[in-house]
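So the structure is just underneath, and the comments pick up after that.
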There are 2 protein chains.
Amino acid sequence: MDWLIIAPIAGLASIVTAVCLFLRMMKEYESGTEKMQEISAAIKEGAEAYLKRQSETLAIFVLVMAAILGISFGYNVALSYILGSLATTLASYFGMRAAIRANVRTTNAARSGLNKAFTVAFYGGSVMGLSIVGIAILAVSVLYYVYSNVYADPKQSLETILGFSFGASALALFAKAGGGIYTKTADIGADLVGKVELNIPEDDPRNPAVIADNVGDNVGDVAGMGADLVDSYIAGLIAAMLIGAETYFGKIEYITLPLLIKASGVFASLIGILFVRVGKGSNPGAALNRGNFFTCLVFAILTFLIIEVLGIGTHGLGVFFSAVAGLIAGMVIGITTDFFTSIDRTPVLRTAESSKTGAAINILSGFSYGILSIAPSIIGIVIATLVSWNVALMYGLDPYYGISTAAVGMLATAATIISNDAYGPIVDNAKGIAEQTGLEEDVVEIADKLDAAGNTTKAITKGFAIGAAALQVLALFHAYAMVVKIDFLNLVDPRIIGGLFLGAMMPPLLSALLILAVGKNAFRMVEEVRRQFREISGLMEGRTKPDYAKCVDIAARGALKALILPGILAIIAPLAVGFTLGKDALGGFLAGSIITGIIFALLMANSGGMWDNAKKYIEAGNLGGKGSDAHKAAVIGDTVGDPFKDTAGPSLNTMITVMTLVATVFAPLIALYAIK
Amino acid sequence: MDWLIIAPIAGLASIVTAVCLFLRMMKEYESGTEKMQEISAAIKEGAEAYLKRQSETLAIFVLVMAAILGISFGYNVALSYILGSLATTLASYFGMRAAIRANVRTTNAARSGLNKAFTVAFYGGSVMGLSIVGIAILAVSVLYYVYSNVYADPKQSLETILGFSFGASALALFAKAGGGIYTKTADIGADLVGKVELNIPEDDPRNPAVIADNVGDNVGDVAGMGADLVDSYIAGLIAAMLIGAETYFGKIEYITLPLLIKASGVFASLIGILFVRVGKGSNPGAALNRGNFFTCLVFAILTFLIIEVLGIGTHGLGVFFSAVAGLIAGMVIGITTDFFTSIDRTPVLRTAESSKTGAAINILSGFSYGILSIAPSIIGIVIATLVSWNVALMYGLDPYYGISTAAVGMLATAATIISNDAYGPIVDNAKGIAEQTGLEEDVVEIADKLDAAGNTTKAITKGFAIGAAALQVLALFHAYAMVVKIDFLNLVDPRIIGGLFLGAMMPPLLSALLILAVGKNAFRMVEEVRRQFREISGLMEGRTKPDYAKCVDIAARGALKALILPGILAIIAPLAVGFTLGKDALGGFLAGSIITGIIFALLMANSGGMWDNAKKYIEAGNLGGKGSDAHKAAVIGDTVGDPFKDTAGPSLNTMITVMTLVATVFAPLIALYAIK
């Protein structure tokens, strides 16, 4: 039990650093002019109102679920579940508060130069990354400590903690899907009327949906995305611990090891954050990437040391190389994602070029390159799986344990990844505030530079997150197989194939439901924005103010209403398959959902990013520039890509994690009561 | 061996009927005015030139492949392979000739009323359906007869005949992909310049790409689609015979049975065709559907009789109910496809409605409903699989044999299905000819009515074909497992998961390559059409004729160039996986490709159909009608859907069949030489 203490220490250190960064940001940076503060306050109000309403809606769901879990598996599982829900909610709420405060301070700092602005944006993102990961690792290690004193069998402790993971993931799914619908409803509504119909610029304060759009960035990209990554983080961690307990008969080193690897990732992130700085002649993107690579290096060294200290012989090397294989695969996936979505690479250039033949060809091109972009990531995932499998075998380690530690390694530096990712919406919002308050041209330019760096980092971390989710959920899938005691799942058996088909159907189905919800809500938003421009006199001339709150309300209502069905579906479907077709078919179901989940997530994230950048490429003055036919075509492509990359795509990771967790948590019941 | 004779008789009867119908059509129906004959001749010339060039290009491929097969597995396999390629080529060539002759005769007959016009179009389609199925069943039964005298072991005979199936499928893939690229290159090129830029109507003779467009309907929809369905037909048949031979140790009844079921399907189709007639107050669509249902009924009765006569006891009932389960599942899938693509149902109406908010929302809506449309089909396939599995077990029949007979039953009435499907492009072309030659309004109206019926039937048969392909390829997958002697394919093994991921990647990848090819070629076509309008003086005024041949040539060259990579990929990929990762991973690979193959095929076919009909709904005068903003948005959606539904979607069935056949044919080599 000695070494285990490192994990909660890492968690606490992470949380304390986050709080310090937050306080320092609040103390050292001003929030700007009165107008800036006014906008910031409106965003804050809208975002908090949404999160409050979301929490109220979900509270009922959480309580019902907790009751079901309590009756079925005892109150400890129910308690874990509630704690998981709370942890996710708390972390994303805190992260979002920090981000909203960072937005306006970034804009203000941009008035005194790039360096200062970058620092505050980066601090804002880091508060999110460090607090969310800190809470996660602290909670898991404390729960493990507590339950290992309650239950004699460590497996039982871990199965109880699965409830925590389930709670975190279920909440993450709702946060991600709801936030994703919210943000794109507002974004599309604002763009379609403002940019397309009335020809007013983006982020123009006359646009009634502009505040809703800014709020959306925060509830969708910051809160939702943080919840998404941390749910993979927790699920992968517990899966590895469970596989360790199962395979090595509860030998404590193998259970502790995944926690310690995560802890070394946290320390590496803390050290890495100190090294992110924009020097002279450098740019923000390079600074972020440098920090990222440095963190990975420190992580590898720390992990090696920890494993050596733990003393599990050659097994240690197996774990080390597996973890490193995961990490490298993650980086490769990130880099190829970058290739497919970068504004100066073939896929984006071709897609932009094809806009000249009209919107249809632009869409076909982006969709096709989006599919092609799947290949390197899938091959990367397969290689990481096979390498960690073989490395594990080579060092006499259980191969499933090898794969699960690869998954743990891949997301160990999550604090850095989330920090970099949260940086994106912060600078995006900062740019919006600069434009809404009519700041000088050079300030907007600095904000633009920060924003461009944010887009690249976002693409890389998104690829990374999907790759990591794939490995995590594979580890979780093995954990499921262990819990239900499946050694063989015969793929030649039609019942398994049936399960595979049904499972494979789920991620596309979820995507469709979310995209339809965005379309429907955007329609309402468009009507409302049109109405305001029609009915509020003097709005177009800037003499009167629009009714921002009405638009915020439409986005919120629609999002909450629409996320219920897909959320419930993700929980009901695996149970339905399990109870009617049995645990083997459910295994097939999970495998099927993982396969198409990853494929659709990659496709949607990358094609969305590609359309976005193709549009930006044209807006930069190429191929006729703004207002040309090619630009109009590219705007249509970008609008199609919006719910792909920010609503449906990012919800899929979480959905497959939730479904696998549902199956694993309910496995004992399914084994007992399945029809056949 | 007694009963086997029924199969070649059915094949001959089918071919003879086809020839009679063809001769009767040629004798009884005139080909119309000089201008009509001129257009018809141009279409014929273009289509034959393309097929000739395609055959020349593919001849090299076929010979190289035959040499590889000959060296690896002996000359009988090579011979089967060449025969399979020839059979497909011959059948699709003959079918296309008949269709082109039927086009113009339909137009001409429309001048004397609906009944006559329907009859000739239906005859034209039937020639295609009957000849292609007749050749298939004749060839398989004769080959089986010949090889069963060469080899003592019936399994060896059947493995040799697999070469025939491989030849037919490989050619079908090339025909489908090439034809699909050709037809959409021409279609999009003609539309983008003609309809969108110059505002001239569809099928206007001034449009230089109009003949290429008509040719495309024939090489894509008639020749390609016929080849596609028949390759599933053959593959499913041989898979069932092989499973029968393997499971029942070569007992002849179980090998003959699938052939006899197919024979009864042929007879049922022959009888059914006699009953298709448009009475007073009836419409063409209803007539086709009546014929279809009647055929299914006759098929069920005949199959029951044949099984009784064969005398395999209770096993017979197992086979019968399995076959019927397959047939019913096929119909259910067809009907739900119809729901999702019908012009008067919610999905199309909503998609049309969403066009009012612009092209992006139209595309998002069509894409999402396309995904939703997957669900009933997938559930139908799963139920058919599980029902035939359980029915088989109930009657003591080998369950894999049960599933394979369900697959055989589902496509047994292929002659009718192909006939109905080929009816579509015939009336589509007839309508085009009517418009190009400026026939009277009431003639065009009749052609329109025929065309509308064609669209519905096409949607139903397309759903049917995809469902059938799913079952066939599952049967083939079992055949693969048997040939390589895999009893267990452990889905929990990461190597299998790796294979599953790689296989699942293939169908989307193929789609992307094909869609990109269409985009690229359409771009060239657009440039050429624009050039002709610019440089040929008097073209717009109708005083001079465009250079049709140039457009035909661009479509042909582009199609042939672009189909090589995806075609080769379908053959190389399974071999690469098999030789490097082993036969188990290859099993996972095949399963993965089947899953996403079916999902993407359904998604693309249905969303394409939906966009098409949403556009037609608006063109019928709703939501602002032609020329409105909603219409422009719907046209963009339709153009996106074109390569979805007519290029990529329909190639996927064939691709997964080819990959499974490659794996099965090369299984012995893979078992010997795989790295691990």
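The values are calculated or read from the model by the stated rules, or taken from the named source; none is laboratory data. Note that this is a predicted model, so its numbers are computed, not measured. Counting neighbours? That spans all protein chains shown, and the Cβs are built from the backbone with ideal geometry, glycine included.
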Working carefully through the options B:ILE100, B:ILE43, B:ILE60, B:ILE82, find the one that is free of Cβ contacts under 8 Å to residues at least 40 places away in the same chain and of a type outside the set (Asp, Glu).
B:ILE60
Go over the candidates B:ALA504, B:ALA512, B:ALA481 one by one and state the one that is at the interface with chain A (Cβ under 7 Å from one of its Cβ atoms), closer than 23 Å to B:TYR248 by Cβ, modelled with pLDDT of 85 or more and in a helix (DSSP H, G or I).
B:ALA481
Subset of segment A:98-115 [surrounded by fewer than 21 Cβ atoms within 10 Å (Cβ to Cβ) and in a helix (DSSP H, G or I)]
A:LEU114, A:ASN115
In the set B:LEU539, B:LEU563, which member is modelled with pLDDT under 90 and touching a Gly at 6+ places or on another chain (Cβ under 7 Å)?
B:LEU563
Those residues of segment A:587-643 which are more than 9 Å from every other protein chain (Cβ to nearest Cβ), polar (S, T, N, Q) and buried (at least 24 other Cβ atoms within 10 Å of the Cβ), in sequence order:
A:SER593, A:ASN606, A:SER607, A:ASN613
Hey, among the residues in segment A:377-388 that are closer than 11 Å to B:PRO494 by Cβ and of a type outside the set (Val, Ile, Thr), which one's nearest to the other protein chains (Cβ to nearest Cβ)?
A:LEU386
Out of all the residues in segment A:586-606, is one or more part of a helix (DSSP H, G or I), closer than 25 Å to A:ALA49 by Cβ and in contact (Cβ under 8 Å) with a residue 12 or more places away in the chain?
no
So is B:PHE488 in a loop (DSSP other than H, G, I, E, B), more than 16 Å from B:LEU602 (Cα to Cα), facing chain A (nearest Cβ under 7 Å) and not aliphatic (A, V, I, L, M) or not?
yes
All but one of (1) away from chain B (no Cβ under 14 Å); (2) in a helix (DSSP H, G or I) hold for A:VAL391, so report the exception by its number.
(1)
Going residue by residue through segment B:646-655, is there one that turns out to be among the hydroxyl-bearing types (Ser, Thr, Tyr) and more than 12 Å from chain A (Cβ to nearest Cβ)?
yes
Restricted to segment A:204-250 and to residues being β-branched (Val, Ile, Thr) and over 26 Å from A:ALA412 (Cβ atoms), the residue surrounded by the most Cβ atoms within 10 Å (Cβ to Cβ) is A:VAL215
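Yes or no, residue by residue, for (1) over 25 Å from B:ALA239 (Cβ atoms); (2) among the aliphatic types (A, V, I, L, M):
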{"site": "B:ASP487", "(1), (2)": "no, no"}
{"site": "B:LEU510", "(1), (2)": "no, yes"}
{"site": "B:LYS520", "(1), (2)": "yes, no"}
{"site": "B:LEU560", "(1), (2)": "yes, yes"}
{"site": "B:ILE572", "(1), (2)": "no, yes"}
Out of segment A:394-420, which residues are in a helix (DSSP H, G or I), surrounded by fewer than 24 Cβ atoms within 10 Å (Cβ to Cβ) and at pLDDT 90 or above?
A:MET394
In segment A:23-41, which residues are under 19 Å from A:MET96 (Cβ atoms) and buried (at least 19 other Cβ atoms within 10 Å of the Cβ)?
A:MET25, A:TYR29, A:MET36, A:ILE39, A:SER40
When segment A:515-535 is checked residue by residue, the ones that are in contact (Cβ under 8 Å) with a residue 24 or more places away in the chain and away from chain B (no Cβ under 14 Å) are A:GLN532, A:PHE533
